[in-house]
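Engineer: Below you will find the structure I want to go over with you.
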Amino acid sequence: MRIAIPIRRGRVSPVFDVAKRVLVADVEPGAEPVYGRTWMTHVNGHVRPGQLVEMGVDLLVCDFISSGLEESISSSGIRIIGQVCGSVREIMKALVLGGLDEGDFVSPGHPVRASRYRGMSRGRRNGGTEMPRGDATGPYRPGGRGRRGGPLSAGPGGTCVCPKCGFEKPHATGSPCQETSCPECGTRMMRK
């Protein structure tokens, strides 16, 4: 399978529509990928799908891509995995091992990750374009989630658990589980 990843400084380029370089790799599960780099010669979105077809790309792995360009590329028969971010080397390693685990390379705006940041953009979601009181203090939410000990925080007890390997350890007060790495596999832990 031939994979294309827009790159910038060794990471997935944040916006495919304006990416200048693309890493193209022939990847087979369990085999060492064969790499090549190419420049996207046209910034014009209407030309990019044709360039990918000429390169023989089967799969495009990218972060943000405009809906029109995504539609055009998909209609050319190229599969797209979007809202992926991180080190290109780590992403390629995951693809060689059989696929991308959605939790490891999820872009910050992806719904999986957005659920961790509930309420952060509430002013805009309700139709506003700036902070509700205009003083950069954010929306007033009585009874909302507190930060480290607020009214609805999880409290001092409990257990931190690794979502990948299942390792458990008692929660340490003042140290959120999400900021703790699993000693077995290095994945960020979750509160049980």
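Engineer: Count, please, the residues in the range 52-92 that happen to be without any contact (Cβ under 8 Å) to a residue 60 or more places away in the chain and either on the phi > 0 side of the Ramachandran plot or polar (S, T, N, Q) (or both).
Structural biologist: 9
Engineer: Residue by residue through the range 73-97, note down the ones that are in a helix (DSSP H, G or I) and more than 22 Å from the chain's Cα centre (by Cα).
Structural biologist: Listed by number, the list holds a single entry, Ser75.
Residue-wise test of (1) over 30 Å from Pro163 (Cβ atoms); (2) assigned by TED's automatic domain parsing to the domain that holds Met189; (3) modelled with pLDDT of 80 or more.
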residue: Arg11; (1), (2), (3): no, no, yes
residue: Phe16; (1), (2), (3): no, no, yes
residue: Glu28; (1), (2), (3): no, no, no
residue: Gly45; (1), (2), (3): yes, no, no
residue: Met55; (1), (2), (3): yes, no, yes
residue: Val61; (1), (2), (3): no, no, yes
residue: Gly103; (1), (2), (3): no, no, no
residue: Ser115; (1), (2), (3): no, no, no
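Engineer: Sticking with this structure for a sec: Please pick out the residue among Val18, Val27 that is closer than 21 Å to Cys85 by Cα and either touching a residue at least 60 places away in the same chain (Cβ under 8 Å) or touching a His at 6+ places or on another chain (Cβ under 7 Å) (or both).
Structural biologist: Val27
Engineer: Please specify each residue of the range 166-188 satisfying the condition of being under 18 Å from Phe105 (Cα atoms) and not β-branched (Val, Ile, Thr).
Structural biologist: Answer for the range 166-188, where residues must be under 18 Å from Phe105 (Cα atoms) and not β-branched (Val, Ile, Thr): Gln178, Glu179, Ser181, Cys182, Cys185, Gly186, Arg188.
Engineer: In addition: In the range 17-24, is there at least one residue being in a loop (DSSP other than H, G, I, E, B), surrounded by 15 or more Cβ atoms within 10 Å (Cβ to Cβ) and touching a Ser or Thr at 6+ places or on another chain (Cβ under 8 Å)?
Structural biologist: yes
Engineer: In the range 59-93, which residues are buried (at least 17 other Cβ atoms within 10 Å of the Cβ), within 17 Å of Gly10 (Cα to Cα) and of a type in the set (Asp, Glu)?
Structural biologist: Correct list: Asp63 only.
The values are calculated or read from the model by the stated rules, or taken from the named source; none is laboratory data. Note that this is a predicted model, so its numbers are computed, not measured. With ideal geometry, Cβ positions are generated from the backbone for all residues, glycine too; neighbour counts draw on all protein chains shown.
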